Amino acid sequence: MKIEKQQNGGHLTLSLEGRLDTTTAPALEAELKEALTGVTDLVFDFEQLEYVSSAGLRVLLMAYKTMKKQGHMALRHVNSVVMEVLEVTGFRDMLTIE
């Protein structure tokens with residue numbers, strides 16, 4: 001998985017490409033732990049994300065809990081495969097999807 005980071009003040013966009021799964025979730029988690037300090041608006045751009053597993057959902061949940069305390073989090077450009085995973089797991093009801 002490739003992670004592209006764009007930050008402008010308190011706004012952070014992470015564009016993910018590939019698969020967010022057991023192998024790649026730790027890299028995203030490490031990136032988030034370093035990057036979320038001072039962030040008030042977090043956007044995940046999933047335009048190039050092909051798949052998300054339960055390990056990826058765990059990292060999204062961690063980010064959601066952090067951002068709930070310090071600002072706002074949203075997912076953008078979610079494809080039908082990833083959306084189905086979010087719907088089945090109940091994450092669609094919890095997360096902001098634009």
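The values are calculated or read from the model by the stated rules, or taken from the named source; none is laboratory data. These numbers were taken from a predicted model, which means no experiment stands behind them. FYI the Cβ positions are ideal-geometry reconstructions off the backbone, even for glycines, and counts take in every protein chain you see.
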Tell me which residues, restricted to the range 48-98, are of a type in the set (Phe, Trp, Tyr) and more than 16 Å from ALA35 (Cα to Cα).
TYR51, PHE91
Looking at the range 8-24, which of its residues are surrounded by fewer than 16 Cβ atoms within 10 Å (Cβ to Cβ), of a type outside the set (Val, Ile, Thr) and either without any contact (Cβ under 8 Å) to a residue 60 or more places away in the chain or within 20 Å of HIS77 (Cβ to Cβ) (or both)?
ASN8, GLY9, HIS11, GLU17, GLY18, ASP21
Looking only at strands (runs of 3 or more DSSP E) that lie completely in the range 1-86, which have at least 1 residues being within 10 Å of the chain's Cα centre (by Cα)?
11-20, 41-52, 72-76
Every listed condition ((1) modelled with pLDDT of 95 or more; (2) closer than 20 Å to GLU4 by Cβ; (3) not acidic (Asp, Glu)) holds for LYS33 save (1)
Identify all residues within the range 58-98 that are aliphatic (A, V, I, L, M), farther than 18 Å from HIS11 by Cα and in contact with a helix residue (DSSP H, G or I) (Cβ under 6 Å, 6 or more places away or on another chain); write none if there are none.
VAL59, LEU86
For the range 83-98, enumerate the residues that are hydroxyl-bearing (Ser, Thr, Tyr) and farther than 18 Å from MET67 by Cβ.
THR89
The range 25-50, residues that are under 18 Å from HIS77 (Cβ atoms) and surrounded by 15 or more Cβ atoms within 10 Å (Cβ to Cβ)
LEU28, ASP41, LEU42, VAL43, PHE44, ASP45, PHE46, LEU49, GLU50
In the set MET62, MET83, MET73, which member is among the hydrophobic types (A, V, I, L, M, F, W, C), without any contact (Cβ under 8 Å) to a residue 24 or more places away in the chain and surrounded by 15 or more Cβ atoms within 10 Å (Cβ to Cβ)?
MET83
